[in-house]
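Enquirer: One structure, as C-alpha cells, below. Some questions next.
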Amino acid sequence: MDVQESMRRILQAESAAIAAIPVTEAYDRAVEAIIERVHHRGGKLITSGMGKAGQIAMNIATTFSSTGTPAVYLHPSEAQHGDLGVVRPDDVVLLISNSGKTREIVELVHLLDGLYSGIPKIVITGAPESPLTELADITLLTAPAPEVCPFGLTPTTSTTMMTVIGDVLVVNVMNNIPFTRADYAKRHHGGYLGSAARGETK
C-alpha cells in the first residue's frame, strides 16, 4: 500500500476513534476526585499501567506535575517490591489497561486496598465489563475501535485514545484550580516553553 494512502487511512481511523470516545459524567467525577484529593487534602495523583499503557500513564503524570497537580508514576510490578510505599492515604490513583484485566494492575488495586482503604481509583479502559472496571470507583471508557496495526494487535489506536483522555483530565483540572501562567513558568523553567511562559520569546 502507498505510504501516503496508508497515512490517510490511519489518520481517518484514529480521528474517528477519538471522536467516538464516550463523553460521560464520569469525567466530572474524575476531575472532582483529583481536585479534592490533591488540591484540598494535600495528596497526589498516582498513575500506573503496564507496557505501552504504562508509558501513557507516565506521560500523564509528568503533564499533571508541570501544570500544578503533583503526580507520580508507579510501576505496578515495582509496587510489589517496595515502591508501594510512595502511596499516602489522601492520594488518588489513575490506572490504565485497555483490556481491563492486566494482571499486575488488578493486583495493584488489591495492594492499594490492603494499604489504605478508600483511595479513589479512576480507570481508563476499553473494556466496560472487566475485572478492573468492577474494582474501579470511576471508569473512563475508550471507544470500541480496532488498532490500526495490520495485525490488529499493537497498541496504536487505543493508546492514542488514552492519551487524549489524559489531556481531557489535565486541561479540566487546570481550568478548575488556581493556576496561572506564572505558576507554569515556575514548574517549567527550561527550554522554549519556560521562556514562552515568562514572556521572553516573541
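Enquirer: Mind checking which residues of segment 86-117 are under 18 Å from residue 54 (Cα atoms) and open to solvent by less than 10 Å² (accessible area, probe 1.4 Å)?
Expert: Residues satisfying the conditions are 87, 92, 93, 94, 95, 96, 97, 100, 105, 108, 109, 112.
Enquirer: Continuing with this model, one more query. From 32, 78, which residue is among the acidic types (Asp, Glu), open to solvent by 10 Å² or more (accessible area, probe 1.4 Å) and closer than 30 Å to residue 149 by Cα? Steps first, please.
Expert: Details: 32 fails: closer than 30 Å to residue 149 by Cα.
When all the criteria are applied, what remains is 78.
Enquirer: When residue 166 is evaluated against the numbered criteria (1) outside any helix (DSSP H, G or I); (2) open to solvent by less than 20 Å² (accessible area, probe 1.4 Å), which criterion, by number, is the only one it fails?
Expert: Of the numbered conditions (1) outside any helix (DSSP H, G or I); (2) open to solvent by less than 20 Å² (accessible area, probe 1.4 Å), the odd one out for residue 166 is (1).
Enquirer: Okay, moving on. Is at least one residue of segment 118-130 open to solvent by 10 Å² or more (accessible area, probe 1.4 Å), of a type outside the set (Phe, Trp, Tyr) and not in a loop (DSSP other than H, G, I, E, B)? Steps first, please.
Expert: Of the residues in segment 118-130, the ones open to solvent by 10 Å² or more (accessible area, probe 1.4 Å) are 118, 120-121, 126-129.
Narrowing further to those that are of a type outside the set (Phe, Trp, Tyr): 118, 120-121, 126-129.
Right, trim to not in a loop (DSSP other than H, G, I, E, B) and you get 121.
Looking through segment 118-130, at least one residue is open to solvent by 10 Å² or more (accessible area, probe 1.4 Å), of a type outside the set (Phe, Trp, Tyr) and not in a loop (DSSP other than H, G, I, E, B).
Enquirer: Is one or more of the residues making up segment 57-69 closer than 19 Å to residue 175 by Cα and aromatic (Phe, Trp, Tyr)? It would help to see each step written out before you state the result.
Expert: Within segment 57-69, the subset closer than 19 Å to residue 175 by Cα is 60-69.
Retained after the next criterion (residues that are aromatic (Phe, Trp, Tyr)): 64.
Checked segment 57-69: at least one residue is closer than 19 Å to residue 175 by Cα and aromatic (Phe, Trp, Tyr).
Enquirer: Restricting attention to segment 4-26, does a residue exist that is open to solvent by less than 10 Å² (accessible area, probe 1.4 Å), outside any strand (DSSP E or B) and in contact with a strand residue (DSSP E or B) (Cβ under 7 Å, 6 or more places away or on another chain)?
Expert: The answer is yes, given that some residue of segment 4-26 is open to solvent by less than 10 Å² (accessible area, probe 1.4 Å), outside any strand (DSSP E or B) and in contact with a strand residue (DSSP E or B) (Cβ under 7 Å, 6 or more places away or on another chain).
Enquirer: On to the next question. State whether one or more residues within segment 88-108 are in contact with a Lys or Arg (Cβ under 9 Å, 6 or more places away or on another chain), aliphatic (A, V, I, L, M) and part of a helix (DSSP H, G or I).
Expert: No: segment 88-108 contains no residue that is in contact with a Lys or Arg (Cβ under 9 Å, 6 or more places away or on another chain), aliphatic (A, V, I, L, M) and part of a helix (DSSP H, G or I).
Enquirer: Another question about this same structure. State which residue is nearest to residue 31 (Cα to Cα) when the search covers only segment 137-150 and only residues that are aliphatic (A, V, I, L, M) and open to solvent by 20 Å² or more (accessible area, probe 1.4 Å).
Expert: 141
Enquirer: In addition: Exactly one condition in (1) surrounded by fewer than 12 Cβ atoms within 10 Å (Cβ to Cβ); (2) over 30 Å from residue 12 (Cα atoms); (3) modelled with pLDDT of 85 or more is not met by residue 153; state its number.
Expert: With respect to (1) surrounded by fewer than 12 Cβ atoms within 10 Å (Cβ to Cβ); (2) over 30 Å from residue 12 (Cα atoms); (3) modelled with pLDDT of 85 or more, residue 153 is out only on (2).
The values are calculated or read from the model by the stated rules, or taken from the named source; none is laboratory data. Given the structure is predicted, the values throughout are model-derived calculations rather than measurements. Every residue, glycine among them, receives a Cβ derived from its backbone with ideal geometry; neighbour counts consider all protein chains shown. Surface accessibility is based on the protein's heavy atoms, side chains included, excluding ligands, DNA and RNA. Shrake-Rupley method; radii C 1.70, N 1.55, O 1.52, S 1.80 Å.
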